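Dumping the structure here so I can ask a few things about it.
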Amino acid sequence: MSKGSVTSPRKAKESPKTGISPASKTPGKSSSKSTGDTGTGAGVTRELARKGYRTMLEARLLEEKLAALYRSGKIVGGVFLGRGQEALSVALGLHLRRGDIYAPLIRDQAGRLAFGDTILDTLRTYLGSILGSMRGRDGNIHRGRPSEGYHAMISHLGAMVSTVCGGLVARRFRGESGVVGATCIGEGGTSTGSFHEGLNMAAVEKLPLVVVVANNQFSYSTPNDRQFACPDLTARAAGYGIVGRRAVGNDLIDCLRVIGEAVAAARSGEGPQLVVADLLRLVGHGEHDDASYIPESLKKSELGRDCLLLARESLIEKGWMTEEEAVAWRDAVALEVEETASKVLREPAPDPVDEDWNAFASLGREGEQ
Amino acid sequence: MSSITYLEAIRLAQRKALADDPRVFLYGQDIGTFGGAFKATKSLAKEFPGRVLDSPISEDAMVGLAIGAAVEGMRPIVEMQFADFSTCGFNQIVNQAATLHYRTGTACPIVVRLPSGGTPGSGPFHSQSMEAIYAHYPGLVVMTPATVDDAYSMLLEAVALDDPVIFCEHKFLYYHLKAEQLPDQALPFGKARIARPGRDVTVVTHGAMLHESLAAAEELSSDGYDIEVVDLRTVRPLDTDTILASVARTGRLLAVGEAWPWGGVTAEVVARVASEGFGLLDAPPQRLNAKETPVPYHPALWGTHRPTAGTIASSLRHLLEL
Ligand SMILES: Cc1ncc(C[n+]2csc(CCOP(=O)(O)OP(=O)(O)O)c2C)c(N)n1
Ligand SMILES: [Mg+2]
């Protein structure tokens, strides 16, 4: 690993605008390693944190089911999981509102559920049910309902940044204010031209865009020292003339706080926000990958600590959740996932005979009117 | 009255689109106050404040922005400064715009204007004809207007369409082609036009090659040949019916294209006629395209690189003897 590949959590460039003094306790051990004034969770309510934990749990158990369905051959194609990244992902999804625009990426099951996607539609899309939003025409993480502000990512990394910009420009044309557009990307995706073009464009147009970079230290197998040479990706924000912030990626409370501030700043007209968080994915790139290239030492470091366990500890410690509740939630979510999966497994697959085989919205197959 | 150029027709179509439809906005490099590299948006920024936006030099993000805006119900028109630079926005066009409706059921009504084709001295990177590349992708409509009337009415049609349209306007025609007035009626969408009726050979072509082909047909008429010239107007959809009906009359086909032959529009035309109209042919179908090098800079080379009235006429003579 390069010296720059694991940066210790640092204070965000902007000090919290809320002015609330850090009264609450440092929530997780990872953030206690920080310089001292991040990770306080100032402004994060009990309600939000509980919702965050509950949704992380849903994402985790749902993804475990997806992995099992993949291993048993029920899911074809790729299965890409967000294990270890749920805290960061959920924080963005929770801070968005209905009417905002959201383009999640591959490790955002938690954010998707927080934004309003469902366990049902996730399973339908992975299992190729004709009743799912993608109707078997696309699968897995490539799902969404663009007309509802929930974009369906294309695989090409970086592409969704400018697409969200476009949605925000449209809202501006319609005279809507207070709307936020957000997307997520891995640190590897920041090397694309699209990422750069999109952020620069957002900055020029001063759009209320939030881009969250999950720096999980690897893009597939490539470590960060082969991906970029700058020691800290938040530094890039200055190059675009936008605000850069840093969150502790496996600390739910810190993610909620930092992303909350970023979303609020964007919403109130302060322009694009770049949030970078260090963490580790606790699975392979996809379920086909054993991630043997991730060194044990890194897995055992602070970065390798599981955000779901940390969130559980933290919420219980704060008295925001009881052990019993955590267990009850787990059982309830597990049951919902199992029941939904068995229902979806019985749903019809798309039939090539019924498929219209037409790529046009307003024209016939051959493009005829 | 002053006559209207092909370029002015494009400007006036955008003006009408902006005036008629509040969902329309224009996005491209230097198109605001400056009015565009070719002045296709001259004075529109002033006339429609806030709706003609200068973009950074970011073709990928320009198209991405248009897609995102279209999803929200807008009707963006993106101007590429030259068709050649659309390769930098290729990913968004073919992977996001073209797939969006099929994947998600959400329409993607964007128009991407591509100032296309060769002019003397433009060289390898300001001369390309990209229509075959985009036509390859299901979900994209590819328009190639060859007349002032079509430049105007097809651009309006493109804006009205719920599908993404690649609008290949030909730079060679920008100032050369003139009409006395704007059309008050459009030809039917997706239908080719018999630009010159004849009975001996069918020439199928589009864009600037229409005018070279018409000149060649004129040349052959002095030898007593009647050449029919079909202007495709849109290359996707490709109006196979009109092509086949013409070949049924003439028994001979010459497909002419300004672009390279490999996998191009002429290849598609020949393939369709060969497979669907083999019995109509009295001779092997022929085609004439650009030479297979990058588009050269010097006018002497460029004039030979692309088909011209002269080379089309010789191809026709050859075909008439087969
Ligand atoms: C433009 C592009 N090139 C290559 C790929 C193939 N690919 C998919 S995911 C991935 C790694 C991405 O790494 P990162 O952005 O760090 O996200 P992570 O997987 O770590 O969450 C690659 C190379 C792609 N999807 N898009
Ligand atoms: Mg990564």
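Which residues, taken from the stretch B:182-219, are outside any loop (DSSP other than H, G, I, E, B) and buried (at least 21 other Cβ atoms within 10 Å of the Cβ)? Write out each step before concluding.
First, the residues of the stretch B:182-219 that are outside any loop (DSSP other than H, G, I, E, B): B:193-196, B:201-205, B:209-219.
Once the filter is applied, which keeps residues that are outside any loop (DSSP other than H, G, I, E, B) and buried (at least 21 other Cβ atoms within 10 Å of the Cβ), the stretch B:182-219 yields B:201, B:202, B:203, B:204, B:205, B:209, B:210, B:211, B:212, B:213, B:216, B:217.
Is it the case that the stretch A:210-225 has a residue that's within 15 Å of ligand 1 (Cβ to nearest atom), in contact with a Lys or Arg (Cβ under 7 Å, 6 or more places away or on another chain) and within 25 Å of residue A:294 (Cβ to Cβ)? First the steps, then the outcome.
Residues of the stretch A:210-225 that are within 15 Å of ligand 1 (Cβ to nearest atom), as a first pass: A:211-225.
Next, only the ones that are in contact with a Lys or Arg (Cβ under 7 Å, 6 or more places away or on another chain) stay: A:214, A:216.
So of that shortlist, the ones also within 25 Å of residue A:294 (Cβ to Cβ) come out as A:214, A:216.
There is at least one residue in the stretch A:210-225 that is within 15 Å of ligand 1 (Cβ to nearest atom), in contact with a Lys or Arg (Cβ under 7 Å, 6 or more places away or on another chain) and within 25 Å of residue A:294 (Cβ to Cβ).
Residue B:314 versus (1) of a type outside the set (A, V, I, L, M); (2) without any contact (Cβ under 8 Å) to a residue 24 or more places away in the chain; (3) farther than 25 Å from residue B:129 by Cα: which is the lone unmet condition?
Checking residue B:314 against (1) of a type outside the set (A, V, I, L, M); (2) without any contact (Cβ under 8 Å) to a residue 24 or more places away in the chain; (3) farther than 25 Å from residue B:129 by Cα, the one that fails is (3).
When you go through B:247, B:235 one by one, which is the residue that is crowded, with 17+ Cβ neighbours inside 10 Å, within 14 Å of chain A (Cβ to nearest Cβ) and either within 13 Å of the chain's Cα centre (by Cα) or part of a helix (DSSP H, G or I) (or both)?
Values: B:247 fails: within 14 Å of chain A (Cβ to nearest Cβ).
Selected residue: B:235, the only one of B:247, B:235 that is crowded, with 17+ Cβ neighbours inside 10 Å, within 14 Å of chain A (Cβ to nearest Cβ) and either within 13 Å of the chain's Cα centre (by Cα) or part of a helix (DSSP H, G or I) (or both).
Is it the case that the stretch A:168-176 has a residue that's in a loop (DSSP other than H, G, I, E, B), of a type in the set (Gly, Ala, Ser) and closer than 19 Å to residue A:269 by Cβ?
Our first condition is that a residue be in a loop (DSSP other than H, G, I, E, B); within the stretch A:168-176, this holds for A:174-176.
Pick out the ones that are also of a type in the set (Gly, Ala, Ser) and you get A:175.
Those left that are additionally closer than 19 Å to residue A:269 by Cβ: A:175.
Within the stretch A:168-176 (the criterion being in a loop (DSSP other than H, G, I, E, B), of a type in the set (Gly, Ala, Ser) and closer than 19 Å to residue A:269 by Cβ), the answer is yes, since at least one residue qualifies.
How about the stretch A:41-63: which of its residues are free of Cβ contacts under 8 Å to residues at least 40 places away in the same chain and in a helix (DSSP H, G or I)? Steps first, answer last, please.
The first filter runs over the stretch A:41-63 and keeps only residues free of Cβ contacts under 8 Å to residues at least 40 places away in the same chain, leaving A:45, A:47.
Listed by number, the list holds a single entry, A:47.
What are the residue pairs meeting all of these: first residue in the stretch B:248-267, first residue of a type in the set (Phe, Trp, Tyr), second residue surrounded by fewer than 19 Cβ atoms within 10 Å (Cβ to Cβ), Cβ atoms under 7 Å, and 6 or more apart or on different chains?
Here the result reads B:260/B:292, each pair linking the stretch B:248-267 to a residue that is surrounded by fewer than 19 Cβ atoms within 10 Å (Cβ to Cβ).
Can you spot a residue in the stretch B:95-115 that is part of a loop (DSSP other than H, G, I, E, B), crowded, with 22+ Cβ neighbours inside 10 Å and either touching a strand residue (DSSP E or B) at 6+ places or on another chain (Cβ under 8 Å) or of a type in the set (S, T, N, Q) (or both)? Spell out the reasoning first.
We begin by selecting, within the stretch B:95-115, every residue part of a loop (DSSP other than H, G, I, E, B); these are B:105-110.
So of that shortlist, the ones also crowded, with 22+ Cβ neighbours inside 10 Å come out as B:108-110.
From the residues that got through so far, the ones that are either touching a strand residue (DSSP E or B) at 6+ places or on another chain (Cβ under 8 Å) or of a type in the set (S, T, N, Q) (or both) too are B:109-110.
Taking every residue of the stretch B:95-115 in turn, at least one turns out to be part of a loop (DSSP other than H, G, I, E, B), crowded, with 22+ Cβ neighbours inside 10 Å and either touching a strand residue (DSSP E or B) at 6+ places or on another chain (Cβ under 8 Å) or of a type in the set (S, T, N, Q) (or both).
Related question: Of B:98, B:61, B:107, which residue is facing chain A (nearest Cβ under 8 Å) and touching a residue at least 60 places away in the same chain (Cβ under 8 Å)? Walk me through how you get there before you give the answer.
Details: B:61 fails: touching a residue at least 60 places away in the same chain (Cβ under 8 Å); B:107 fails: touching a residue at least 60 places away in the same chain (Cβ under 8 Å).
Sole residue among the options that is facing chain A (nearest Cβ under 8 Å) and touching a residue at least 60 places away in the same chain (Cβ under 8 Å): B:98.
Go through (1) within 16 Å of ligand 1 (Cβ to nearest atom); (2) part of a loop (DSSP other than H, G, I, E, B) one by one and return the number of the condition residue A:163 breaks.
Evaluating residue A:163 over (1) within 16 Å of ligand 1 (Cβ to nearest atom); (2) part of a loop (DSSP other than H, G, I, E, B) leaves (2) as the failure.
Let me ask something else about it. Residue B:53 versus (1) of a type in the set (A, V, I, L, M); (2) part of a loop (DSSP other than H, G, I, E, B); (3) surrounded by fewer than 22 Cβ atoms within 10 Å (Cβ to Cβ): which is the lone unmet condition?
With (1) of a type in the set (A, V, I, L, M); (2) part of a loop (DSSP other than H, G, I, E, B); (3) surrounded by fewer than 22 Cβ atoms within 10 Å (Cβ to Cβ) applied to residue B:53, the lone miss is (2).
Inspect all residues belonging to the stretch A:116-136 and state whether any of them is over 24 Å from residue A:207 (Cβ atoms), at the interface with another protein chain (Cβ under 7 Å from one of its Cβ atoms) and outside any strand (DSSP E or B).
Looking for residues that are over 24 Å from residue A:207 (Cβ atoms), at the interface with another protein chain (Cβ under 7 Å from one of its Cβ atoms) and outside any strand (DSSP E or B), one finds at least one in the stretch A:116-136, hence yes.
Name the residues in the stretch A:177-209 that are under 12 Å from the mean Cα position of the chain (by Cα) and away from ligand 1 (no atom under 13 Å from the Cβ), would you? Please lay out each step first, then the result.
First, the residues of the stretch A:177-209 that are under 12 Å from the mean Cα position of the chain (by Cα): A:182-186.
Residue satisfying the conditions is A:182 alone.
Which of (1) in contact with a strand residue (DSSP E or B) (Cβ under 8 Å, 6 or more places away or on another chain); (2) closer than 30 Å to residue A:54 by Cβ is the odd one out, the single condition residue A:293 does not satisfy?
Single failed check for residue A:293: (2).
Take the residues in the stretch A:50-94 that are surrounded by fewer than 22 Cβ atoms within 10 Å (Cβ to Cβ) and of a type in the set (Gly, Ala, Ser); name whichever of them is nearest to ligand 1 (Cβ to nearest atom).
It comes out as A:78.
Restricting the search to the stretch B:157-174, which residues are under 16 Å from the mean Cα position of the chain (by Cα) and assigned to a helix (DSSP H, G or I)?
Looking only at the stretch B:157-174, we keep the residues that are under 16 Å from the mean Cα position of the chain (by Cα), and these are B:157-159, B:164-174.
Residues satisfying the conditions are B:157, B:158, B:159, B:173, B:174.
Still on this structure, please answer the following. Answer yes or no as to whether residue A:331 is in a loop (DSSP other than H, G, I, E, B) and without any contact (Cβ under 8 Å) to a residue 12 or more places away in the chain.
Working: in a loop (DSSP other than H, G, I, E, B): no; without any contact (Cβ under 8 Å) to a residue 12 or more places away in the chain: yes.
Taking the combined requirement at face value, the residue does not satisfy it.
Here's a follow-up. Collect the residues in the stretch B:109-136 that are aromatic (Phe, Trp, Tyr) and farther than 13 Å from residue B:94 by Cβ, keeping them in residue-number order. Step through it out loud before you land on a result.
Looking only at the stretch B:109-136, we keep the residues that are aromatic (Phe, Trp, Tyr), and these are B:125, B:134.
Listed by number, the list holds a single entry, B:125.
Can you tell me which residues in the stretch A:160-209 are away from ligand 2 (no atom under 16 Å from the Cβ), more than 9 Å from chain B (Cβ to nearest Cβ) and among the polar types (S, T, N, Q)?
A:177
Pairs needed: first member in the stretch B:160-171, on the phi < 0 side of the Ramachandran plot; second member anywhere, charged (D, E, K, R); C-beta distance under 6 Å; at least 6 residues apart or different chains.
Pairs that qualify, where the first residue is on the phi < 0 side of the Ramachandran plot and the partner is charged (D, E, K, R), are B:167/B:113; B:168/B:131.
Laboratory data are not the source of any read-out in this text; all were calculated from the coordinates shown. Every value quoted in this text rests on a predicted model; they were computed, and no experiment measured them. Note: ideal-geometry Cβ built from the backbone for every residue, glycine included; neighbour counts use all protein chains shown.
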